[in-house]
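Working notes for the structure below.
The values are calculated or read from the model by the stated rules, or taken from the named source; none is laboratory data. In this text, all values refer to a predicted model and were calculated from it rather than measured experimentally. All Cβ positions, glycine included, derive from the backbone under ideal geometry; neighbour counts span all protein chains shown.
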Amino acid sequence: MSSEGHKTLKGRTMYIPEMCWGSAKLVAAAFGAVGIDSDVVPHSNDSTLEMGRECTSGEECYPQQVTVGDFLGVLQRGEKKAHEVAFFMPRAEGPCRFGQYTYLIRKILAQKGYGEAYVFSPTSEDNYKEMGGAATDLERRIWQALVTANTLRTFFLKTRPYEKTAGTCDRIYEEEIISFQKVLKNPAFNAKKRRELLAEALEEAVARFKQVPVHAGDFPKIGVIGEIFVRQNPFSNDDFIRKLEGHGAEAILTGIPEWVAYTRSEEQRKLRDVKRHFSKAMLTSKIRGYIQKSDEHSIRGRFHDELKGIYAEPEIESLMKLGEWYLPQYGALGEMALNAANVVHFYNQGADGVVDLSPFSCMNGIISEAVYPKISRDHDGFPVRIFYFDGTQSNLDRDIGIFMELVRNYQRKKKSAKCLS
Ligand code: SF4
């Protein structure tokens, strides 16, 4: 295992940022299976955010302030000394500031006197090389964790807006995540056995969601896209999805596996650009892609009939083609290209609108916002609205209400266009 200077993960507890609680819990279990004691950082709150703000200049991205605050919160609780703690902070090359997070976090921890804490930071390119012999097993466990958590959340969000007793779906979701942890944490199961067990556990979880007493109805379906951390993390987005549901809508949230598939397709595109079509790197990437698709097919694919149409996760290659006209993958990198493609995807699948949840001053958000009016005009006035977050929301409920008015107008137009055709 290589290290940051003299540091290693041995003897430390590693904390994972809470982007999406369920996914982070299962990723922690995956690390546990390869002998790394891991957990998710405690939920963010106003004082952790304040700590994050105090050590940043204001020019950093909001997710970075939240994450730094969460890490400092762990250390300030004092339950563990800095040399007993590690923080998981994956890195990715890309067009924005994400690549700088790790360096700044290390600097802040050192300035605060926590220089002995280890920031474990595998890159999107080295694929956990730091883990040595356990890297392949760990990478696959993490992928299975992400697919399982994402599938569970799809059923959760599909049911919660209609539940008769508030809190029922939240409870089921949390209980099921804890039960999936047991499968992912067990080092005895090989990858094939593990995915079978995860799929079976998911079937039981889905059966529980189906038994939840619900109100009849079919709410407007809203695609939720945007910056990956803010759209997934309820603290950062001011619990947007719950508020949206309060306005009588159902959210379809784009998941983390989409980003993994995107980075893989980018890796292969870059290899093709430098004429390395038949290289070892290309072969490795293709095999990894094949294995990931096969796991996804075994886990999520089991629910094909229930998760088709608007709930389906499109193949990344066909998804990216949808946005080519607006922000092509070959010119615009990262989430902005995914955002444009997803708006068209949700329109094609019959959604009633799309919201983009992005951090204030996020480069991806700003560029996406610039093309949304054109995409909307080209698609029958499909409602698309960006919501920016920096922890100072004033009247989110009112703004969601205004957006939902647009959605209902669009629904009426959609219905009359259908009657006339
Ligand atoms: S996507 Fe936006 S918020 Fe995230 S690192 Fe890049 S610029 Fe910052």
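Computed quantities for the displayed model
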read-out: Hey, Asn409 in a helix (DSSP H, G or I) and under 24 Å from Thr67 (Cα atoms) or not; value: no
read-out: The lone exception for Phe229 - which of (1) within 16 Å of the ligand (Cβ to nearest atom); (2) surrounded by fewer than 18 Cβ atoms within 10 Å (Cβ to Cβ) it fails; value: (2)
read-out: Among residues of the stretch 373-407, those that are within 16 Å of the ligand (Cβ to nearest atom), out of contact with any Lys or Arg (no Cβ under 9 Å at 6 or more places or on another chain) and of a type outside the set (Ser, Thr, Tyr), counted; value: 4
read-out: Ala370, sole failed condition from (1) within 16 Å of the ligand (Cβ to nearest atom); (2) modelled with pLDDT of 95 or more; (3) surrounded by 20 or more Cβ atoms within 10 Å (Cβ to Cβ); value: (3)
read-out: Number of positions in the stretch 239-260 that are of a type in the set (D, E, K, R), within 16 Å of the ligand (Cβ to nearest atom) and assigned to a loop (DSSP other than H, G, I, E, B); value: 0
read-out: Count of residues meeting criterion [surrounded by fewer than 16 Cβ atoms within 10 Å (Cβ to Cβ), in a helix (DSSP H, G or I) and within 12 Å of the ligand (Cβ to nearest atom)] in the stretch 77-108; value: 2
read-out: Members of the stretch 52-62 found to be surrounded by 24 or more Cβ atoms within 10 Å (Cβ to Cβ) and either under 13 Å from Glu18 (Cβ atoms) or of a type outside the set (A, V, I, L, M, F, W, C) (or both), listed by number; value: Gly52, Tyr62
